[in-house]
Amino acid sequence: PRELLGASYLEFVHPDDLGRLADYRRRRALGHDVGPLEIRWRKRTGEVVYVEAIAVPITFDSRDAMLVMARDVTVQRRAEERYRVVFERSPRPFLVYHRASKRILDANDAAASTYGYAREELRALTIRDLEAPRDGDPESTPAHGAQLRRHVRRDGVVIEVDMVTHPIMLADEEAVLAICDDVTDARRREERARQSQKLEALGRLAGGIAHDFNNILAVVLADCEYVREEMGETHPLASELREIQSAALRGAALTRQLLAFSRKHVAEQCVVALNAVVAELDHMLRRIIGEDVALHVKLD
């Protein structure tokens, strides 16, 4: 304390902050409500610390004086600086919004790129403005933790966002830090993978059915051949039998397709006469469809 007596207060202020201090004094002299001032002080060792100081006019030893009260906020300030560096440079989209009003207080460049807004434009929105229309409460907002949300970009495109939120204090106000990763492409890949798995399962099922159906058709075709030999081609029901045999052969062709679909059979490509195929179907379909359905066939 003895070494401090008689020294100029300005000796302790960091040279780069003298201008801020002079402006603070000027505004206080004009009667403005200036509140505390955050400023850098230099310690005797040369170390620079951040302090939050407030000056109160007093009378000391019958003279006008100022009582300066300060608290060291170096740890908090450096933590904020590290947070700011991470916030600004992170490739992940960061949003900070007010907990009560949901108004967006800050956004990094990654968030601006993801949503297609300028950072200033995002600060004019609330987190609810980014929510895509959905069934249920449109005013719903994410609770703390991780959630999969549907957000809307500026161009109207709906994206799926893996949103992780953390409560923070910002300028003595309760706020929320939201990390919003666009997982739209990843979700689409997952969906394609699920569809592929479904098709694979369907293929295995189709293959099993085709094998069983093939065994049934083999019996039908064998019996048709036996009956045709017994009846002869002049029998009145010979044409009906040919229809049964033709239908069984088409069923056998279908099973080959199912086996090819299930990758249990090598696909065999061949040239077909489409008119003949359609004509066969025409003959069969006319027996199946009801009288209220008209079937017209136009062959090439």
> Got a sec? Which of ASP292, ASP300, ASP282 is among the charged types (D, E, K, R), touching a residue at least 12 places away in the same chain (Cβ under 8 Å) and not in a helix (DSSP H, G or I)?
Replying inline: ASP300
> So which residues in the stretch 43-89 are farther than 17 Å from ALA171 by Cα, in a strand (DSSP E or B) and either under 45 Å from the mean Cα position of the chain (by Cα) or among the hydroxyl-bearing types (Ser, Thr, Tyr) (or both), if there are any at all?
Replying inline: VAL48, VAL49, THR59
> Take the residues of the stretch 274-288 that are exposed (fewer than 11 other Cβ atoms within 10 Å of the Cβ) and of a type outside the set (D, E, K, R): which is modelled with the highest pLDDT?
Replying inline: LEU274
> What number of residues in the stretch 190-246 are among the polar types (S, T, N, Q) and more than 53 Å from the chain's Cα centre (by Cα)?
Replying inline: 4
> Within the stretch 90-101, restricting attention to residues that are under 19 Å from the mean Cα position of the chain (by Cα) and assigned to a loop (DSSP other than H, G, I, E, B), which residue is surrounded by the most Cβ atoms within 10 Å (Cβ to Cβ)?
Replying inline: PRO93
> So which residues in the stretch 19-42 are touching a helix residue (DSSP H, G or I) at 6+ places or on another chain (Cβ under 8 Å) and open to solvent by 70 Å² or more (accessible area, probe 1.4 Å)?
Replying inline: ARG42
>> Being outside any loop (DSSP other than H, G, I, E, B), in contact with a Cys (Cβ under 7 Å, 6 or more places away or on another chain) and open to solvent by less than 100 Å² (accessible area, probe 1.4 Å): is that true of LEU10 here?
In response: no
>> Step by step: first the residues of the stretch 183-198, then only those that are in contact (Cβ under 8 Å) with a residue 24 or more places away in the chain and open to solvent by less than 80 Å² (accessible area, probe 1.4 Å), then the one that is farthest from HIS166 (Cα to Cα). Which residue is that?
In response: THR184
> If you check ARG256, ARG228, ARG250, which single one turns out to be touching a Lys or Arg at 6+ places or on another chain (Cβ under 9 Å) and surrounded by 12 or more Cβ atoms within 10 Å (Cβ to Cβ)?
Replying inline: ARG228
> Just checking, which of ASP155, ASP135 is open to solvent by 80 Å² or more (accessible area, probe 1.4 Å), over 12 Å from the mean Cα position of the chain (by Cα) and either modelled with pLDDT of 90 or more or under 23 Å from SER90 (Cα atoms) (or both)?
Replying inline: ASP155
>> For the stretch 259-269, check the following and say yes or no: at least one residue is of a type outside the set (Phe, Trp, Tyr), in a helix (DSSP H, G or I) and modelled with pLDDT under 85.
In response: yes
>> modelled with pLDDT of 90 or more and among the charged types (D, E, K, R): is that true of GLU52 in this structure?
In response: yes
> Of the residues LEU30, LEU95, which is closer than 30 Å to VAL183 by Cα and among the aliphatic types (A, V, I, L, M)?
Replying inline: LEU95
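The values are calculated or read from the model by the stated rules, or taken from the named source; none is laboratory data. On a predicted model such as this, the values are computed, not experimentally measured, just so you know. As a convention, Cβ positions derive from the backbone with ideal geometry for all residues, glycine included, and neighbour counts pool all protein chains shown. For accessibility, only protein heavy atoms count, side chains too; no ligands or nucleic acids. Shrake-Rupley method; radii C 1.70, N 1.55, O 1.52, S 1.80 Å.
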